[in-house]
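One structure below.
A short reminder: the numbers here are calculations on the coordinates, not readings from a lab. Because the structure is predicted, anything quoted here is derived from the model rather than measured. For neighbour counting, all protein chains shown are included, and Cβ atoms are generated from backbone atoms with ideal geometry for every residue, glycine included.
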Protein chains: 2
Amino acid sequence: MSLPPVQEPSTGLRERKRLRMLRVVQDIALDLFLANGYEATTIQQIAEAAEISESTFFRYFPTKEDVVLQDDLDPILDAALRAQPADLSPVEALRAAFRQTFELISSDERSRQRERLAFVLEVPELRARTVDQFFGATDLVARALAGRSGRAADDFEVRVLAGAIIGACMTVVLALPTAREDVDELLDRALAQLQAGLEL
Amino acid sequence: MSLPPVQEPSTGLRERKRLRMLRVVQDIALDLFLANGYEATTIQQIAEAAEISESTFFRYFPTKEDVVLQDDLDPILDAALRAQPADLSPVEALRAAFRQTFELISSDERSRQRERLAFVLEVPELRARTVDQFFGATDLVARALAGRSGRAADDFEVRVLAGAIIGACMTVVLALPTAREDVDELLDRALAQLQAGLEL
DNA sequence: TCCTATATGACAGTAACTGTTAGAAATTAA
DNA sequence: TTAATTTCTAACAGTTACTGTCATATAGGA
């Protein structure tokens, strides 16, 4: 089960070369950041290490932050969630979607991703950018809940429930860098707790 | 019931003058932002309009964002939450704390605050900065939950529950600009839904 | 009233971007 | 293969947020 690129259609040499170079730049940048710190590393240094111009850097990534943040996981999770059978409960569907998505990440890539996440959470500038991911995820879950319950996606109660679910997942992500368990196991525990009710 | 300054101790003339000027700058800056847009408004323009130097602006606010974001509400909410009687359920305590905090805001200030919130949510740079407020709020709630349930604040289940509560509140904040109801009413509805269980 | 501490303004400098332009490389057509 | 066209790239100048330094001014205390 290999991880397919999101947009297959444009498969010219130029596009593939660009994509490959883009990943290389991300890799080099992360190494530099981890070694010398985020602020201390300039885009000029990244450009020099990757042997591209600063112009090209900004054509690849709109901001310095995006060189760390950009990945293709969101649409994959989205697709996985939509692909879940309709008779699953919303939380069950989410649990399954998470599991499938994380299975796509190979085990050597997994430690790197974990390192990246820890770094994102500890750099204020990068951590801040995760808001929109949370908001987007809430939208996603709200739509899934709406589809499975027959209510509107902008229904207040649907949105509150979606927010509670994502909020719980959020704490898992935060706890991850210091936890010894795997992501999917912690997510599973959190969602199971929600399914069982909110009591302590 | 007037809104007391957070740090009473340093009440020198210099300090009061500084604080008053700081609020004036915030007010002028928000007007400029609302009129011309966040990015289009430079710090130079704000400084000129407020008749201070750019140096002074940055001595007041560490970043351009903070001139919009900085306020004293967080410690007040914190104090209100701590002041709730111990026999209230966690969610009940939170509802009461919210109600008390919002009562402190006078009605003419309230529309201004609402305008500000809508603006913060629509400017990516400002919206991004709300993450840490969410994380901080989750910590706050986790501690409150821990204190009321006799469990540790870093207990996994405590944190998941705190995350779910804050996640639900988050959707309320997001819905606020387009809602006709008041904040405290919507928060109350959301928290009541959580208390009743997570079903739809 | 003098002395000290702190706030302020002016200045120079850095780094993240933005926009433009010329040239190189890849795609398409002949 | 060659020619025409499109698209990617490098180089450059310019703007703005932000940092650090230094001289000056102003408030608080003796």
Discussion item. Could you tell me the calculated FRET efficiency between residue B:139 and residue A:14, based on Cβ-Cβ distance and R0 = 51 angstrom, to the nearest 0.05?
Written reply: 0.60
Practice prompt. Please report, to two decimal places, log10 I(q)/I(0) for the stretch A:35-93 at q = 0.14 Å⁻¹ as given by the Debye formula with identical point scatterers on the Cα atoms and no solvent.
Written response: -0.57
Discussion item. Averaged across A:185-196, how many Cβ atoms of other chains sit within 10 Å of each residue's Cβ atom?
Written reply: 2
Response to the item:
In the neighbourhood of residue A:30 defined by beta carbon distances under 9 Å, the net charge of the other residues (Lys, Arg +1; Asp, Glu -1) is -1
Response to the item:
Convex hull around the C-alpha positions of the protein assembly as shown: the volume in Å³ per residue is 182 Å³
Fill in: With Cα atoms, 0 to 90° folded angle of helix B:107-122 axis to chain B main axis
90 degrees
Item to complete: Putting +1 on Lys and Arg Cβ atoms and -1 on Asp and Glu Cβ atoms, find which of B:35, B:102, B:121 reaches farthest to the positive end of the dipole of the stretch B:1-156.
Response: B:102
Worksheet item: Taking the Cα centre of each part, how many Å lie between the stretch B:28-105 and the stretch B:146-186?
Response: 20 Å
Practice prompt. Quantify how strongly other chains surround peptide A:128-136 by giving the mean number of their Cβ atoms within 10 Å of each of its Cβ atoms.
Written response: 5
Worksheet item: Hey, what angle do you get for helix A:183-196 against the long axis of chain A, alpha-carbon based, 0 to 90 degrees rounded to 10?
Response: 20 degrees
Practice prompt. Let me know the volume per residue of the alpha-carbon convex hull for the stretch B:40-183, in Å³.
Written response: 133 Å³
Discussion item. Only counting other Cβ atoms within 10 Å, I'd like B:33, B:102 sorted with the fewest neighbours first.
Written reply: B:102, B:33
Worksheet item: In nm, one decimal, shortest first: how far is the label point of residue B:105 (7 Å from Cα along Cα to beta carbon) from the matching points in the other copies?
Response: 3.7
Worksheet item: Closest approach to the A-B rotation axis by any Cβ of A: residue and distance in angstrom?
Response: A:167, 1
Worksheet item: How far is residue A:132 from the same spot in each other copy, in nm, shortest first, if each label point sits 7 Å from Cα toward Cβ?
Response: 2.0
Worksheet item: Just from the alpha-carbon atoms, what are the Rg and Dmax of the stretch A:115-200 in angstroms?
Response: 14.2, 41
Practice prompt. Ignore the peptide's own chain and count Cβ atoms of other chains within 10 Å of each Cβ in A:165-178; give me the average, rounded.
Written response: 6
Worksheet item: Would you list B:198, A:19 from fewest to most Cβ contacts within 10 Å?
Response: A:19, B:198
Worksheet item: How far is residue B:59 from the same spot in each other copy, in nm, shortest first, if each label point sits 7 Å from Cα toward Cβ?
Response: 4.6
